[in-house]
Amino acid sequence: MISNFNFLKSIDKNLYNIITEAERLYRDEYFDQCMVQTRKFGENICKNVIGTRCTTESTFDEMLATLKDKIKSEQEKEFIDDLYFLKKQGNSSAHSNTVKKEGMLALECLQRAFETSINYAVYYAKANSNILKLQYDIDLLITGEKSKKTLSEKYKEGKKKPVSVKQSYTMKSKSTKKKEGLSAFQILLIISFIISGFVILSLLLPL
């Protein structure tokens, strides 16, 4: 199955295995476990960056503090911020008494892990800078297959879908039923018949 983190396979197989397990957990809707796994991923990246300065007694917090003291660029600050986020959410999920089913939060952890892995690959493992162009593909996460459609194609496809809108008002149709009673023309016609009748009677009767 293809992963968003395929580029890591040739850089660090251990990191690749850890984070692809997190993606599998997400697909199976084990969101809490997914976040714990992304924390593990972040901690291992931290160890790799610190290198020989890291001891077996070093905690994730201590390693992050070491890296934070050496920040020299905005890119490094974002890298540390992402690692702090992974640590915080992973700890929260690991120590929670309930299963929260935080799907969106777990997705954000995977996306932050993705950004972290790109920074690690390019700036620390000296991988090809073309990796910086990669974007996290949610379709790939869910299906395990690379989408053949570009973002613009998906956008256009979305616009073509019909949108059903509820009618906000109702139109009252005019009643076709005629009013009861005689029209003015009919009344005039009846009066004419009556007058004609009287005239005819008056002619027939003797004076």
Quiz item: Tell me, what is the 1.4 Å probe accessible area of Ile191, in Å² to the nearest 10?
Solution: 80
Self-check item: Full-extension gain in nm, Lys9 to Ala65, via 0.36 nm per residue minus C-alpha separation
Solution: 17.4 nm
Practice problem: Enumerate the calculated ³J(HN,Hα) couplings along the stretch 8-19 in order (Karplus 6.51 cos²θ - 1.76 cosθ + 1.60, θ = phi - 60°), each rounded to whole Hz, writing x wherever the residue is Gly or Pro. | Solution: 6, 4, 8, 9, 8, 5, 5, 4, 4, 5, 5, 6
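Between Glu145 and Leu105, take the C-beta separation as r, use R0 = 25 Å, and let me know the FRET efficiency to the nearest 0.05.
Numbers: r = 25 Å, r/R0 = 0.99.
The calculated FRET efficiency here is 0.50.
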Exercise. With unit charges on the beta carbon (Lys/Arg positive, Asp/Glu negative), name the residue among Leu110, Leu15, Phe85 whose Cα is farthest towards the positive pole of the charge dipole of the stretch 9-116.
Key: Leu15
Quiz prompt | Anisotropy class of the stretch 37-92 from Cα gyration tensor, a/c 1.5 cut | solution = oblate
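The values are calculated or read from the model by the stated rules, or taken from the named source; none is laboratory data. In this text the structure is predicted, and so the values were computed from the model without any measurement. For neighbour counting, all protein chains shown are included, and Cβ atoms are generated from backbone atoms with ideal geometry for every residue, glycine included. Each accessible area value is taken on the protein alone, full model and side chains, heavy atoms only, with ligands, DNA and RNA left out. Shrake-Rupley method; radii C 1.70, N 1.55, O 1.52, S 1.80 Å.
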